[in-house]
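A short write-up of the structure that comes next.
The values are calculated or read from the model by the stated rules, or taken from the named source; none is laboratory data. What you are looking at is a predicted structure, and each value in this text was computed from that prediction instead of being measured. Because the Cβ atoms are built from the backbone with ideal geometry, glycine has one as well, and the counts that use them run over all protein chains shown.
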Amino acid sequence: MGGVVIVVVGGWNQMTWELRLGVDWAFGDPVEAFLTEEGSMGVSTAVEGDRLVVSGYFPAEVERGGLEIRLMLALAAEGLTLDPGAVAWKWLEERDWAEAWKENYQPVAVGRRLLIVPSWLSVPEGESRMVIRMDPEMAFGSGTHGTTRGCLELLEEVAEAGALGRVLDMGSGSGVLAIWAAMLGADEVIATDLDPVAVETAARNAECNGVAERLRIVECSVVPEGRYRTIVANILASVLMSCAGSLVAALEPGGQLILSGILREQAREVQLAFEGEGVRLERTLFREEWAVLLLKPVERS
Ligand SMILES: C[S@@+](CC[C@H](N)C(=O)[O-])C[C@H]1O[C@@H](n2cnc3c(N)ncnc32)[C@H](O)[C@@H]1O
């Protein structure tokens, strides 16, 4: 892992404690997984010399002693021992966090053709990739998370194999997937999110990237009416499985369904739930601990 990766999962304006862990490279994945399981609202990883600094962000009421003990036990279970001096807590004012987050968010190259550039930074000179300017604000979808990257990569791959047609992006967050689909030539993109703040953010990002005319963003929590050649949904596995029937029913024959928000160990269960509705698994990408599924309708003769 190089440079800095930061993952924001929402609610960052309430974060007040930063837990910084200076660790060997071997600790990176288990520490990140531990912080996420403990409810960290974001995880950032920075390279400092020959070490990694992994940070988690917790609300004011976090029970810090208990969390440290659970961390030691979780690492011990992996055969790793953390030097107590490697653990540091820092109180973050709301503003500090927002600024720190902006400093850490750097351009992200995804797949073969995309570069996501924070909207407050300049596009690197001579850049040949297609560029999405992004300010996720409080919505999920900076482009750094494994689930988002995997969906962006599969969108690029299916667009190269044939037209995306009419696209549904369910759970659009910052709008990053919907914007990428529009840039890849989708006829029209319907993006939905149940969070009104995310809907507003996605609308601003669509405008900033010049695709607002082909992108309709709707606040809703169900699969919207209509048929789509391409559906992408990066939500939790449980939510995906509860919508499996309506997602498959909304798919055009010959279309494609891209799903993420699925942990590796949940991939099989999600696959079976969707295959029961009339699609078959075409391909799975794994990005960190996440799985991204590409499914296609079963051809009926
Ligand atoms: C993991 S984020 C994905 C954001 C973005 N599409 C990406 O790939 O980075 C999931 C988003 O789905 C939204 N969401 C959760 N359940 C939903 C539902 N039933 N319908 C629509 N949006 C939903 C959340 O508010 C959140 O913005």
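For G141, are the conditions met, namely being under 20 Å from R214 (Cα atoms), within 14 Å of the ligand (Cβ to nearest atom) and at pLDDT below 95? Criteria met by G141. Pick from V223, V248: which is under 27 Å from E289 (Cα atoms) and away from the ligand (no atom under 13 Å from the Cβ)? Of the residues listed, the single one that is under 27 Å from E289 (Cα atoms) and away from the ligand (no atom under 13 Å from the Cβ) is V248. For region 236-301, the strands (runs of 3 or more DSSP E) that sit wholly inside it and include 1 or more residues that are surrounded by fewer than 17 Cβ atoms within 10 Å (Cβ to Cβ) are 251-263, 279-287.
When residues in region 197-235 are screened for being closer than 22 Å to A250 by Cβ and in a helix (DSSP H, G or I), 5 of them pass. What residue, among those in region 226-238 that are under 21 Å from E153 (Cα atoms) and within 13 Å of the ligand (Cβ to nearest atom), is nearest to the chain's Cα centre (by Cα)? The selected residue is N234.
For region 261-279, the condition of being under 17 Å from L154 (Cβ atoms), at pLDDT below 95 and of a type in the set (V, I, T) holds for at least one residue. All conditions in (1) at pLDDT 85 or above; (2) not in a loop (DSSP other than H, G, I, E, B) hold for G85, with the sole exception of (1).
Restricting region 113-138 to residues that are among the β-branched types (V, I, T) and farther than 13 Å from S174 by Cβ, the residue that is farthest from the ligand (Cβ to nearest atom) is V123. With respect to the conditions (1) at pLDDT 90 or above; (2) closer than 25 Å to L285 by Cβ; (3) in contact with a Pro (Cβ under 9 Å, 6 or more places away or on another chain), P124 falls short on a single one, namely (2).
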